[in-house]
1. Is it the case, given these coordinates, that Leu98 is closer than 21 Å to Tyr130 by Cα, within 19 Å of the chain's Cα centre (by Cα), outside any loop (DSSP other than H, G, I, E, B) and not acidic (Asp, Glu)?
2. From Lys302, Lys245, which residue is modelled with pLDDT under 95 and of a type in the set (Lys, Arg)?
3. Using the structure shown, decide if Gly92 is within 19 Å of the chain's Cα centre (by Cα), in contact (Cβ under 8 Å) with a residue 40 or more places away in the chain and either closer than 30 Å to His290 by Cα or not in a strand (DSSP E or B) (or both).
4. Taking Phe129 as meeting all but one of (1) more than 20 Å from Ser75 (Cα to Cα); (2) free of Cβ contacts under 8 Å to residues at least 40 places away in the same chain, write down the number of the exception.
5. Taking the criterion of being surrounded by fewer than 18 Cβ atoms within 10 Å (Cβ to Cβ), closer than 30 Å to Met126 by Cα and touching a Leu at 6+ places or on another chain (Cβ under 9 Å), would at least one residue in segment 231-240 satisfy it?
6. For segment 96-111, give me each residue that is open to solvent by 10 Å² or more (accessible area, probe 1.4 Å) and in contact with a Leu (Cβ under 6 Å, 6 or more places away or on another chain).
7. Got a sec? Which of Gly221, Gly229, Gly184, Gly188 is at positive phi and not β-branched (Val, Ile, Thr)?
8. Of these, Ala85, Ala60, which one is open to solvent by 40 Å² or more (accessible area, probe 1.4 Å) and over 30 Å from Val17 (Cβ atoms)?
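The values are calculated or read from the model by the stated rules, or taken from the named source; none is laboratory data. Everything numeric in this text was worked out from a predicted model, so none of it was measured. Every residue, glycine among them, receives a Cβ derived from its backbone with ideal geometry; neighbour counts consider all protein chains shown. Note: areas computed on protein heavy atoms with side chains; ligands, DNA, RNA excluded. Shrake-Rupley method; radii C 1.70, N 1.55, O 1.52, S 1.80 Å.
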Amino acid sequence: MPRPSPASPLLSLPGAVPAEAPDEGVAAHYGDLFREQRALADGSGFVDLSHRGVVTVTGAERLSWLHLLLTQHVSDLPPGQATEALILSAHGHIEHALSLVDDGETTWMHTEPGTQEALIAYLESMKFFYRVEVADRTDEIAVVHLPAGSIAEVSEPTVVRETAHGRDLFLPRAELESFAADHGPAIGVLALEALRVEAHRPRLGLETDHRTIPHELGWIGTAVHLQKGCYRGQETVARVHNLGKPPRRLVFLHLDGSEVQLPPHGAPIRLAADGEEGRQLGFLTTSARHHELGPIALALVKRNVPVDAPLLAGGTAASQEVVVEP
């Protein structure tokens, strides 16, 4: 069993409601989901992501070594430039998704909760004669997310990973409570998830299963660099990119707003015309209630599902928008 991250001290803040799997250990919300979403969309507040795994790699050869293992081109990664990368199986299936930044001396990455031990075991097995050191920093370092547009000031020497979606801070875990006091309001992970779904951004373990390849989720070009050298699973990436199409594709769903319950992760996707006894064509990956769009979701469906076909997610009517072209 993966070792869980320490429970966040911010769960003691007023109104905090603990999140469920896979986000145990932090708050789902602090009492007003839509207010929190609006604040996040406006660039206010912060999200406690201290349940995520934090791994560092040090040593003079760290970037050239990681370049051999990851789907991303990182051998010349400039200090402070954020990137994302995957680790694939020999058959090209996604095993790890990493959010990285290098500060000139150390490569910092955060990962899905509970996956850091398996990641470290793989990295350690690939060290050979390279002069690198891999460390699990989860117990001492917490990830905090500031949304795009935030004007919050971050004190040195905090490591910052800045993307179009906001800034991820690698903050000493002991400073979480003082950070919250200075940079509130605190915003739960459900608000961040709703904005992630709206932006069509996949997440390991939700939009993936044991056979997902990067092409199905739109990770080619963002987490997978097509012009770099060999890495594990690269043959599958090149073959599908050059010779074919992925068997499945990520879609964005507008869900029927009259339903009280959101369909859960894993709910079967079927053609609405075939009804609830029809053939399963995929599965729902993440559903959310959005402050403007209403109930929305991401799903992974077979590539040949017509792009204009009304669908059923579990028993909920859904219309689709294309994320990955068929």
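1. On the way: closer than 21 Å to Tyr130 by Cα: yes; within 19 Å of the chain's Cα centre (by Cα): yes; outside any loop (DSSP other than H, G, I, E, B): yes; not acidic (Asp, Glu): yes.
In short, yes.
2. Working: Lys302 fails: modelled with pLDDT under 95.
Result: Lys245 is the single residue among Lys302, Lys245 that is modelled with pLDDT under 95 and of a type in the set (Lys, Arg).
3. Values: within 19 Å of the chain's Cα centre (by Cα): yes; in contact (Cβ under 8 Å) with a residue 40 or more places away in the chain: yes; either closer than 30 Å to His290 by Cα or not in a strand (DSSP E or B) (or both): yes.
Yes, satisfied.
4. Result: Phe129 passes all but (1).
5. Taking segment 231-240 and keeping what is surrounded by fewer than 18 Cβ atoms within 10 Å (Cβ to Cβ), we get 234-235, 238-239.
Those still in the list that are closer than 30 Å to Met126 by Cα too: 234-235, 238-239.
Now drop any that are not touching a Leu at 6+ places or on another chain (Cβ under 9 Å), which leaves 234, 238.
Within segment 231-240, one or more residues are surrounded by fewer than 18 Cβ atoms within 10 Å (Cβ to Cβ), closer than 30 Å to Met126 by Cα and touching a Leu at 6+ places or on another chain (Cβ under 9 Å).
6. His96, Ala97
7. Numbers: Gly229 fails: at positive phi; Gly184 fails: at positive phi; Gly188 fails: at positive phi.
Result: Gly221 is the single residue among Gly221, Gly229, Gly184, Gly188 that is at positive phi and not β-branched (Val, Ile, Thr).
8. The unique qualifying residue is Ala60.
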